[in-house]
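Let me begin by presenting the structure, written as structure tokens, before commenting on it.
Values in this text are rule-based calculations from the coordinates and carry no lab data. The structure displayed is predicted, hence computed values, not measured ones. Quick reminder, even Gly has a Cβ in these numbers, built from the backbone with ideal geometry, and neighbours come from all protein chains shown.
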Amino acid sequence: MSDYKAPLENIRFLMNDVFNFEKHYGRFPSYQDASPDMVEAIISECARFCENELAPINHIGDKEGCTFNDGEVTTPIGFKDAYQKYIDAGWQGLSFSTEYGGQGLPQSLGLVKAEFMGTANWSFGMYPGLSLGAMNTILAHGSDEQKNTYLPKLTSAEWTGTMCLTEAQCGTDLGQIRTKAEPNQDGSYAISGSKIFISAGEHDMAENIIHIVLARLPNAPKGTRGISLFIVPKFNVDEQGNLLDRNTVNCGSIEDKMGIKASSTAVLNFDGANGYLIGPENKGLECMFTFMNTARIGTALQGVCAAEFAYQKSLYYAKDRLSMRSLTGSKFPDKIADPLIVHPDVRRMLLTQKAFVEGGRAMILYASKAADKFADADNEDIRQLADQKLGFLTPILKAFLTERGFDSANLGIQIYGGHGYIKEWGLEQNLRDARIATLYEGTTGIQALDLIGRKVMLDRGKQITAIVKEILGYCKDHSMISSNPQKNRMHKFVWPLSKAAANWQQYTFRLMLKAKSDRDVVGSASVDYLMYSGYILMAYMWAQMAQAANEKLTSGEGDKEFYKAKIRTAEFYFERIFPQAKVHASLMMKAPTTLMKLEAEAF
């Protein structure tokens with residue numbers, strides 16, 4: 001059975017050869033410490049931590065799960081020790097402000113760290129992962145006093161954070177929340193109500209948990225316009241961050257889940273708990289979007305992690321397992337049978353996993369450059385453009401990559417056959433763990449509505465126009481010119497990509513026109529539109545990876561077999577996967593008639 005190995009060579013290829021992160025970091029005065037040597041040291045050390053500390057307890061965590069006893073939650077064997085090592089190494093503050101004890105390094109490096117952690121042990125990564133959203137929310141909307149009180153301990157990972165949105169009667173439709181916030185004489189609020197599905201809501205790894213809670217003030221407007229945001233600590237703290245008495249927030253139970261069993265998913269009961277308003281009154285949902293966007297990009301990574309885990313396991317098994325002979329004749333005549341990897345259908349599944357994980361990782365790092373600009377650019381116009389681009393990309397990344405990650409996990413079981421259905425190999429755990437990623441932080445359908453409804457139609461197509469212009473500009477720069485062999489080699493990638501990008505824009509505006517006369521068009525087209533968008537963006541990534549690999553082969557630098565594999569995988573993506581975009585295009589342009597014609601009573 002294979003062990004997890006961080007994909008360092010692939011990360012280096014993307015950061016150095018495809019996206020030129022050295023030049024990117026050089027544009028930011030605050031990133032001067034992110035030298036190539038520093039970046040290499042960080043990703044190498046993070047790889048060792050994840051391989052040696054987190055991967056070995058992944059299966060243990062799934063087998064044991066978390067234990068609930070009278071409001072207290074105990075994490076599986078090894079988790080608490082690993083978390084202390086995480087604290088000691090300072091990993092939580094890697095990409096956070098130096099003002100509160102962080103290292104001030106780029107957001108993109110934090111996403112590389114998150115991928116390694118997530119593939120090695122997604123359940124473990126949930127604990128510090130949710131904290132990052134809480135930290136970003138307090139940093140963006142908290143008062144100076146709140147920042148000084150909570151951020152140092154959150155940055156060190158001595159405390160963790162949560163996001164408390166969902167209630168029993170509402171998930172997506174947050175306008176229905178009932179949790180109340182009554183003003184106290186000292187300026188604080190008494191928070192009362194129950195929240196469900198709270199990841200890392202209660203556990204034994206940190207001395208305090210800082211809950212970010214949506215609640216309603218008295219006489220607040222109905223619906224989402226009447227929601228405010230509050231900080232509610234598990235233990236009350238003084239202004240210096242010292243722990244005081246236990247707050248009246250308690251864990252009522254934890255969920256018995258399909259997957260990510262070592263991640264505590266809690267029901268939290270707030271009984272007049274001390275809370276502190278963060279941001280303006282009745283603007284809580286707007287402030288919470290800081291947290292939600294952070295979480296959605298992190299969740300998109302789970303798709304990449306699930307695909308990487310499945311691919312590593314599948315590749316090992318396909319090379320090791322002997323079964324039948326190749327259809328074109330024996331490839332290993334000295335063995336009783338040929339290994340699985342000689343068979344075309346097994347190769348189809350392996351190449352699909354490889355295309356999705358490497359293409360998905362490229363999509364994340366591509367978006368991470370916008371995240372860096374939004375976080376640290378000096379120019380406000382650049383920050384706003386980056387925010388708009390990131391807002392457009394986020395629902396695509398979250399939904400498309402988690403769905404493809406689940407597909408890859410499923411293919412892993414198929415490659416193993418019956419052995420994939422057995423727990424000891426880890427494939428069925430990966431599939432169970434991956435399933436939640438398409439649900440939390442907004443289901444695939446919700447992400448699709450966000451993309452087409454808010455990010456495209458309300459924006460009047462400005463961001464889709466900008467992305468298409470970028471892709472078409474890239475295609476023009478790398479189109480076929482007979483005197484340039486490098487561009488000749490790129491023709492098979494840029495020609496279909498340019499046609500798809502142009503169609504993407506045309507289809508988008510046609511859908512916008514259709515929606516004016518029938519609003520159901522938005523809902524009926526949304527998921528297919530998102531998947532169509534995802535396949536095009538991934539094609540853009542694979543074209544750039546093929547270009548970089550071709551340039552390296554031409555120059556004679558590096559590992560030739562590695563670069564050849566990139567080009568072969570790009571060819572596979574464009575020939576065998578990219579055509580699926582046309583099916584989604586056809587479906588999204590259909591009228592919603594057959595969807596809506598059947599009466600509800602007739603189902």
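Miscellaneous remarks
- Environment charge at I364 (Cβ cut-off 13 Å; Lys +1, Arg +1, Asp -1, Glu -1): +2
- Our summary gives the chain a relative contact order of 12 percent, counting only alpha carbon pairs under 8 angstrom and 6 or more residues apart.
- Across region 19-73, the volume of the C-alpha convex hull divided among the residues equals 147 Å³ per residue.
- Sequence-separation-based contact order of region 163-306, relative, with Cα cut under 8 Å and 6+ spacing, percent: 27
- Against the main long axis of the alpha-carbon atoms of the chain, helix 380-416 sits at an angle near 70°.
- Summed side-chain charge close to D3 - residues other than D3 whose Cβ falls under 11 Å, Lys, Arg +1, Asp, Glu -1: +1
- When only alpha carbons of region 8-145 are considered, Rg and Dmax amount to 16.7, 54 Å.
- Prolate is the label for region 88-245, because a/c, from the alpha-carbon gyration tensor with a ≥ b ≥ c as root eigenvalues, is 1.5 or above and a/b exceeds b/c.
- Pairs of alpha carbons in region 443-603 whose separation is greater than 25 Å (percent): 40
- MRE, 222 nm, helices only [DSSP H, n ≥ 4, -39500 (n - 2.57), over the chain, to nearest 500]: -18000 deg cm²/dmol
- Under the simplified labelling scheme, the N184-L513 pair shows an inter-label distance of 6.0 nm, with each label point 7 Å from Cα along Cα→Cβ.
- Cα radius of gyration and Dmax for region 196-338 (Å): 24.7, 80
- Using a Förster distance of 25 Å, the FRET efficiency for D173-S194 (Cβ separation, nearest 0.05): 0.90
- Take the convex hull of the alpha carbons in region 353-482; its mean projected area over all directions comes to 11.3 nm².
- The label point for S253 and the one for K80, both projected 7 Å from the Cα toward the Cβ, are 2.5 nm apart.
- If R0 is 56 Å, the Cβ-Cβ spacing of T593 and E551 corresponds to a FRET efficiency of close to 0.65.
- Normalised contact order of region 164-225, rounded percent, pairs of Cα under 8 Å and 6 or more residues apart: 42
- Residues of region 331-358 with amide N under 20 Å of the 7 Å Cα→Cβ point at R568: 331-333, 338-358
- Inter-label distance, nm, simple model (7 Å from Cα along the C-beta direction), D3/R347: 3.2
- Low-density loop positions, GluC sites (Glu not before Pro), region 132-222 - DSSP coil, at most 11 other Cβ in 10 Å: none
- Entries in K113/K423; K85/K180; K313/K566; K257/K566; K476/K516 that, when Cα-Cα distance is taken, lie over 29 Å: K85/K180; K257/K566; K476/K516
- Chain lengthening between Q414 and F603 when straightened (0.36 nm per residue, less Cα-Cα): 64.7 nm
- For the chain, the equivalent ellipsoid derived from the Cα gyration tensor has semi-axes of 39, 29, 25 Å, listed largest first.
- FRET efficiency, 1/(1 + (r/R0)^6) with R0 41 Å, evaluated for E380 and M38 via beta carbons: 0.90
- Backbone N under 14 Å from the K331 label point (7 Å along Cα→Cβ), restricted to region 295-322: 315-322
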